[in-house]
Amino acid sequence: MSLLMVRVVRITDRAHEMARDALCFGVHRSFTIAHFHYENIDLAMMSQGFMPGYTEAELEEIEGSVAALVQDLSAKIEDEVIPQGGR
């Protein structure tokens with residue numbers, strides 16, 4: 001394998017690692033916020049991706065109602081997730 005190919009593979013591996021780290025960071029922060037604000041939340045069930053008691057339409061409505069808030073929070077924590085050199 002050429003030196004150029006080795007570098008390309010390393011860059012791709014690093015990009016995947018950064019994406020995984022960002023995902024983990026976001027999930028961790030979400031669980032922390034949920035746990036902080038909701039004393040009786042079932043974090044184990046939340047970790048499985050379940051939202052019991054909601055229809056698909058209700059979940060879509062909830063997602064729509066929080067979309068602007070998600071954008072605001074994402075913008076505020078972007079520098080923690082995306083390194084400055086990546087822009």
Open item on the list: How far apart, in nanometres, would the label points at M18 and T55 be if each is projected 7 angstrom from Cα along the Cα-to-Cβ direction?
Closed with: 4.3 nm
Task: For the range 31-81: Kirkwood Rh in Å [reciprocal of mean 1/r, alpha carbons] - done: 12.8 Å
- [ ] Heads up, I need the accessible area for S65: 1.4 angstrom probe, whole protein in place, Å², nearest 10.
- [x] 80 Å²
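Accessible area per residue of the chain at 1.4 Å probe, in Å²?
88 Å²
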Open item on the list: Could you check the spin-label model distance between L73 and I41? Points 7 Å from the Cα along Cα→Cβ, value in nm.
Closed with: 0.8 nm
TODO: With only alpha-carbon atoms counted, please give the Rg and Dmax of the chain, in Å.
DONE: 17.8, 56
Open item on the list: Treating only the Cβ of Lys, Arg, Asp and Glu as charged (+1, +1, -1, -1), what charge dipole size does the range 20-83 show about its Cα centre? Round to the nearest 20 debye.
Closed with: 240 debye
Open item on the list: In whole percent, and with a 1.4 Å probe on the protein chains, what portion of the accessible area of the range 1-76 is carbon and sulfur?
Closed with: 63 percent
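The values are calculated or read from the model by the stated rules, or taken from the named source; none is laboratory data. Being a predicted model, the structure only gives us computed values, none of them experimental. Note that each Cβ is placed from the backbone with ideal geometry, even for glycine, and that neighbours are counted across all protein chains shown. When the accessible area is computed, the model is the full protein with side chains, heavy atoms only, and any ligands, DNA or RNA have been set aside. Shrake-Rupley method; radii C 1.70, N 1.55, O 1.52, S 1.80 Å.
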